[in-house]
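Have a look at the structure below before the remarks.
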Amino acid sequence: MAAHASGMDSPKIINRLAGFLRSWAAAMIDALPPYKRIEGLLADKEIDTRGDYHILVDNEIIGVDWLTFEMLIIGEPLRIRVTRANQAINIDRLSP
C-alpha cells in the first residue's frame, strides 16, 4: 500500500523538479551578457505587493535591492547596467 501511495506522488515531484530547473535555467540565462545600459534621471521608487524594490529611470522599471532603493534619491542622474529581466547589476551616479 505504501509503495502505491508514493507512486502517486511521483508526478508532483517531477513537476516540482521541472519547475525548479526551468526557474534555474531562466535565472542563468538572465545573468549572461549582453547587458543593457540605461541612463537618465531617477523618476520614481516603488515597493510592489511582493516586497520587491523597483526604480523608474528613462521609462524603464528596474529591480534593485533594498539598500540601493534606500540610498538613491529621486531626481538624481544615473547610469545603470541591467540584465535581460531589468535587474540592476551596477548603478553609477552621474555628476551634473
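The values are calculated or read from the model by the stated rules, or taken from the named source; none is laboratory data. Being a predicted model, the structure only gives us computed values, none of them experimental. Here Cβ is always computed from backbone atoms with ideal geometry, including for glycine, and neighbour counts include all displayed protein chains.
Checked against the criterion of being exposed (fewer than 11 other Cβ atoms within 10 Å of the Cβ) and part of a loop (DSSP other than H, G, I, E, B), the range 19-31 has no qualifying residue. Taking the conditions (1) assigned to a strand (DSSP E or B); (2) modelled with pLDDT under 95; (3) among the β-branched types (V, I, T) in turn, I61 satisfies each one other than (2).
Okay, residues lined up against (1) touching a residue at least 12 places away in the same chain (Cβ under 8 Å); (2) within 12 Å of the chain's Cα centre (by Cα); (3) not assigned by TED's automatic domain parsing to the domain that holds R79:
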position: A27; (1), (2), (3): no, yes, yes
position: L41; (1), (2), (3): yes, no, no
position: D58; (1), (2), (3): yes, no, no
position: I61; (1), (2), (3): yes, yes, no
position: V64; (1), (2), (3): yes, yes, no
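Of all the listed residues (T68, T49), the sole one being in a helix (DSSP H, G or I) and either in contact (Cβ under 8 Å) with a residue 40 or more places away in the chain or not small (G, A, S) (or both) is T68. R93: charged (D, E, K, R) and at pLDDT below 95, yes or no? In short, no.
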